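Here is the structure we will look at, set down as C-alpha cells.
The numbers here are math on the coordinates, done by the rules we state, and not lab data. Note that the coordinates shown come from a computational prediction; the quantities given were computed from them, not determined experimentally. Quick reminder, even Gly has a Cβ in these numbers, built from the backbone with ideal geometry, and neighbours come from all protein chains shown.
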Amino acid sequence: MNIQNLDCLRVLRSVVASSAVIVSSVWLSTAAAGSFVNFESGQVRPLALSVDRSRLYAVNTPDNRLEIFAVGARGLSHISSVPVGMEPVAVALNGDNEVWVVNHLSDSISVVDVSSVPPRVTQTLLVGDEPRDIVFAGPGRSRAFITTARRGQNSPTPYNPFTTVGRADVWVFDADDIAAGNKAPLTIVNMFGDTPRALAVSNDGSKVYAAVFMSGNQTTVLRESSVNGDMPAPTANIEGIAGPDTSLIVRQEGGQWLDGADRDWTSKVRVSLPDYDVFTIDANADTPVEIDRVSGVGTTLFNMAVNPVTDTLYVSNLEARNGVRFEGPGIVGGSTVRGHIAESRITVIKKTANGHTVLPVHLNNHIDYSTDLGTPEEKEAALAFPTGMAMTANGQGMYFTAFGSDVVRYVGIRKLENDRFPPNIAQQIAVPGGGPTGIVLDEPRHKAYVLTRFNNSVQVVNFLHKTAGQTLPMHTPEPPEVINGRRFLYDARYTSSRGDSACASCHIFGDTDHLSWDLGNPDDVVTLNPNEFVPGTKPRLADISFHPMKGPMTTQSLRGLKGMGPQHWRGDRTGIDGTGDPIEMVAFRQFQVAFPGLVGRESPLPAADMQAFADFALTVVYPPNPIRALDNSRTDAQQRGHDYFFTQTQDGTGNTCNECHTLSPTEGFFGTSGKSIFRGTGTPSDPTGIPMKVPHYRNLYTKVGFFSASSIIGSENPVTKDQIRGFGFRFDGASESLLSFLGSRSFVFPEGEPQKRDVVRFMAAIDSDMAPIVGQQVTLGQTNRLYDIKRVRLLDSRASVTSPREECDLIVKGPVASQARGWTRLASGDFRSDRLAEDIVTLGTLISLSNAPNSELTFTCTPPGSGVRMGIDRDEDGVFDRDELDAGSDPDDPSSIPA
C-alpha cells in the first residue's frame, strides 16, 4: 500500500478539530484517487427478505459489504453493514440467523451470523472461479448450491484447454458440516455448458435448476476456406468496391445449417451444438447429481423463478440475432440488425410426461421492426434486459425488473404462459435511480424492495398503487466517472429509439456475449488506416485500408481498454485529436456512430454524454487470472511456454511472439501494445489479406473452442462431438482451439506438439490487470487454524511484493470485544488499526486475536491502493472508522467528521 498516504494522514489528524474540512479535502485528494477499481460485476440475487419479513439483506457490490435493513410499517431503516468479500452479487438465507453471501471476485462465500452483535463473518468458503448465485435445497434445505466456472485456484479440477468438457460447476455444501468446521464441499456437480449463473429451487426443495449464463443459440462460423468466396450478396459496398473474403455465420434450423440468405451449408459444418441451457440437479440424493437438461431457452440467461403453486420454471433471457448480417440502414446490405439486436424474453418451461415444453415469450412484441425507427409509444412500453423476478404467493402473477428500462413490470401468469404478453404501461412502476437488478416481494405490506445499480440504492415500491417511495442509498466508493457514465451502457430507453436495445445487448455487463456478429455496413465507404504496424508485418503492396464489409467478428469485452490504443479487432476506431487525449479515449468516442447505426437511436449521443460513456468504459478492468497460481508463479509447462514466447523467432518476420503480442505488465501491456499487423501476403493473389490490430490475451482462458475426440485437431479435421460453444478463437471465432491456431504455417515449433501445448498453457495463465491474489481471502477462527494460517501467510507474502509491480494491499476485518474492527497492512509488514491512537500490531498479534470466541478475523487481498479505504477509512475522509464510531460520527459519510 502507499505508506505516504498514512504519513500524510498522521499529520492531518493532529489538526482535525480545527481544520476538519481541510483534513477531508486533502485526504480525499491523496487517498481516494485510484482507490476504487471497477470490475462491473453483474448482480444476480442481490436481495433477500427474512421469513418473518423483519430484515432485508442487500449486497453492496462496489463497497464489498452486506447491508442489513430493518423492515417496518413505515419502511426500511439501515441497521448494520458487514464487510464480506469483493464484488458480492448474491445473498441467501440459511434459517433465521445466518446469511450466505456470494463474492464474485473473491471466489468465496461469506457465512454471516446476523444474530450476533455486531453481525459477523464466521467462515469464508473457497469455491471455483467467479461464483454468481446461491440457493438452499435438499433435505431440510440444509444444502447450499453455488454456481461457478470450472476453473480457478480453489477448484480441485485442473484447467484443461485441450478437450471439450463441461465448464459449468455447481458446488454443493452441507450447511451442518460447515457449522461443525468442515469447509469441504459435499460434491461439485459438473454440467455440459460454460459458466453457469442463475439457480432456482423446486417448491419441495428436491430439485435445483441451474442456468448457463451465455449458453449460445446454435450459431457458428465457417472459415473463408470453407466459404470459398461463395458469400451471399452483396459482395461490394456502396462505392462498388469488393469486400474481402471473410468467414460466414450460419444458424441451425430444422436440422440444417443456414446462412442469412437461407442457403444450406450443412455439409460444411463440423460442429454439433446441443445448446443445453438449464440443468436439473437431484438435491435430495446422497450425492447430488444432474438428472435432466433443457435446450432452446435463450442465448444469455439472466435469472430464474419457480411458480410457488405449479412448479413452472421461468427464465429471463436475451435472444441474440447474430445470424442477421450487417449494421446500418440496410439499403445496399438488404438486411440489418439496427435497432433489433437481441430480444428480451421470459421463457416458460413446463415439465410434461414426455419431457418439457419450452415457450420463449418476447416482451416487446408490440414493436414494429420493419420501420427505421421506433415510435415514442413503442419506447414507453418497451422492456429491456429482464433480470430479477419475484412471484406472488398465489402463483398468479410475477414482478420483474427491466434493467435497461428503469422499471418494474407486473404480468399475469396466465397471459405469460399463453404467450400473450401485452404492452401495458399501466403495469409498469418507474424506479428512481435506474438500473433495477433484483426484487423481493413483501406482499402483506403491498411492497416490493428493489436494488437499483445505477445509484447503488434500495428502493421501496408500493405495487398496489404502482408508485415508488422510500430510497435508501448505500455507501459507494465509485468515482463520478463510473456513476455518471454507467447508464450509457445499459439504458435502452435513452440510447435507442425503440427502447429495447443498448450496448449491453452484446456487451453483457460490460463484457462479451461469446458470439460472432457480422456488423459490416455495405452502405458505408472505405476509410484510411493511420495505425502503426509492428515492424516487418506490413507487406509493401498491402492494402491496409478499412473496408466497411469486415465480416464476422467476435464480440470484444469493454474491459481493459485503457492503454490498449485503437479499438475493434481491426483497430478501425482510432486517432489522436487536438486535445492530446490518448488514442483509446479518442477511439472510444468514435463508437458514437453505433448509436444510430447499430443500437437504433434517432441521433448520436450528445458529445458530453459520449464523453461520460468513454470515461466510464475506460475504468472497467479485467479480473485476476484464475489459471495462474496465487503466488504468481508459473508451472514448468507455463514457464517453457513463456521462454518460447520471448525467444523463438518466427518465419516471415523474424519477430518473437512478444514483439507482436507485447507482454509488459508494468507498462500495462497484456499481449498488445496497440499496434497492428497485416494478416495475409498483401499480394493480388491473396484475397484474404486484411489489417488487424494485435489482440491482448487476458481473456483467452474464457474461450472454450471446439475439439474432436482425440483432443488434437488441425484446421481441416472433422469435429463431430457435441460442443459447448459455436465460436472459438481468432477474430471471427473460426479457429477450433489455440492448438489449431498455433498450427498455422506462420509459427515455428522446433520441438513440435509438446511445445505448442506449453505455449497454450502459458497464454491461458498470462498476466492481467490485477495479480492472481487480488480478492482472495480467508477467515481465521477457532477451527481449521493450521490450513487457514498457511493461507494468511500466503496473502501476507503477496502483499509484501512491490516489484515488478505491487500485487495487493492486505486488510483484516472482524469483531474484537464485540466491536467491528479493521486493519490495513503497512509496508513494514505490521498493521494499522481503525483507531489512530492504537499502536501498530504484528501479524502474529492479529492471528492470536482471532482465536478468541466470536472474534473471527477475515484477511482479504485487495487491489493496490485500496487498503486504507477498505480496511480502516471507508469514506476516505481522513478520520478512521472506529474513531468516527467512538465519536458518534458516520464512517460512511465524508461530510460527517468528529468535532
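Observations
- Counting charges near residue 375 (Lys, Arg +1; Asp, Glu -1) among other residues having Cβ under 12 Å from its Cβ returns a value of -4.
- Derived scalar couplings between HN and Hα for region 558-573 equal 7, 6, x, 6, 4, x, 9, x, x, 10, 6, 4, 8, x, 7, 9 Hz in order, rounded to whole Hz, by the Karplus curve 6.51 cos²θ - 1.76 cosθ + 1.60 (θ = phi - 60°), x for Gly and Pro.
- Relative contact order of region 58-125: 23 percent, from C-alpha pairs under 8 Å at least 6 residues apart in sequence.
- Alpha-carbon centroid distance for the pair region 542-572 / region 790-806, whole angstrom: 37
- Largest to smallest principal axis extent of the C-alpha atoms in the chain, angstrom: 78, 64, 57
- Distance distribution note for region 417-482: the fraction of Cα pairs above 15 angstrom is 58%.
- Rounded to 10°, Cα long-axis angle of helix 636-647 versus longest principal axis of the chain: 50
- Phi angles of region 512-518 translate, via the Karplus equation with coefficients 6.51, -1.76, 1.60 and θ = phi - 60°, into HN-Hα couplings of 10, 10, 6, 10, 9, 9, 9 Hz per residue; Gly and Pro are given as x.
- Under 15 Å from the Cα of residue 466 - aspartates and glutamates, other chains or at least 8 residues apart: 406, 442, 443
- Annotation for residue 801 and residue 784: the two label points, set 7 Å from Cα along the Cα-Cβ direction, are 2.4 nm apart.
- Projected-area average for region 481-559 over all orientations - Cα convex hull basis, square nanometres: 7.9
- Near residue 201: Cβ cut-off under 14 Å, other residues only, Lys/Arg at +1 and Asp/Glu at -1. The net charge is 0.
- Sequence-separation-based contact order of the chain, relative, with Cα cut under 8 Å and 6+ spacing, percent: 12
- Chain lengthening between residue 420 and residue 543 when straightened (0.36 nm per residue, less Cα-Cα): 39.0 nm
- Stretchable slack from residue 375 to residue 177, in nm (0.36 nm times residue separation minus alpha-carbon distance): 65.5 nm
- Rounded to 5, the percent of DSSP beta bridges in the chain classed as antiparallel: 95
- Between helix 753-764 and the chain: long-axis angle, C-alpha atoms, 0 to 90°, nearest 10: 50
- Debye log10 I(q)/I(0) at q = 0.10, 0.14 Å⁻¹ for region 254-406, Cα point scatterers: -0.49, -0.89
- Equivalent ellipsoid, region 87-238 (semi-axes from 5 times Cα gyration tensor eigenvalues, Å): 40, 16, 15
- Convex hull of alpha carbon positions in region 327-453: directionally averaged projected area 10.1 nm².
- The phi torsions of region 229-237, fed into the Karplus equation with coefficients 6.51, -1.76 and 1.60 and a -60° offset, translate into couplings of x, 8, 7, x, 5, x, 10, 9, 8 Hz, rounded to whole numbers, with Gly and Pro shown as x.
- Note on residue 272 and residue 335: the extension gain reaches 20.0 nm, defined as 0.36 nm multiplied by sequence separation minus the Cα-Cα distance.
- For region 768-884, the square roots of the Cα gyration tensor eigenvalues, ordered a ≥ b ≥ c, give a/c of at least 1.5 with a/b no greater than b/c, which places it in the oblate category.
- Summing Lys and Arg as +1 and Asp and Glu as -1 over all other residues whose Cβ lies under 10 Å from the Cβ of residue 183 gives a net charge of -2.
- All lysines inside 18 Å of residue 562 as judged from Cα atoms, apart from same-chain residues fewer than 8 positions distant: 675, 693
- With a simple spin-label model that places each label point 7 Å from the Cα along the Cα-to-Cβ direction, the separation between residue 396 and residue 253 comes to 4.0 nm.
- 0 to 90° range, to nearest 10: angle between helix 607-617 axis and the chain longest Cα axis: 70
- Take every pair of alpha-carbon atoms less than 8 Å apart whose residues are at least six positions apart; their mean separation over the length of region 515-602 yields a relative contact order of 26 percent.
- Computing Rg and the Kirkwood Rh from the Cα coordinates of region 182-265 gives a ratio, Rg/Rh, of 1.26.
- Distance from the Cα centroid of region 825-849 to that of region 186-214 is 42 Å (rounded to whole angstrom).
- Dipole check for the chain: with +1 at the C-beta of Lys and Arg, -1 at the C-beta of Asp and Glu, and the Cα centre as origin, the magnitude is about 760 Debye.
- Computed Rg/Rh of region 30-153, alpha carbon atoms with Kirkwood Rh: 0.98
- Solvent-free Debye calculation, one equal scatterer per alpha-carbon of region 379-465: log10 I(q)/I(0) at 0.14, 0.18 Å⁻¹ equals -0.43, -0.71.
- Averaged over residues, the count of other Cβ atoms within 10 Å places the peptides 421-428, 628-635 in the sequence 628-635, 421-428, highest first.
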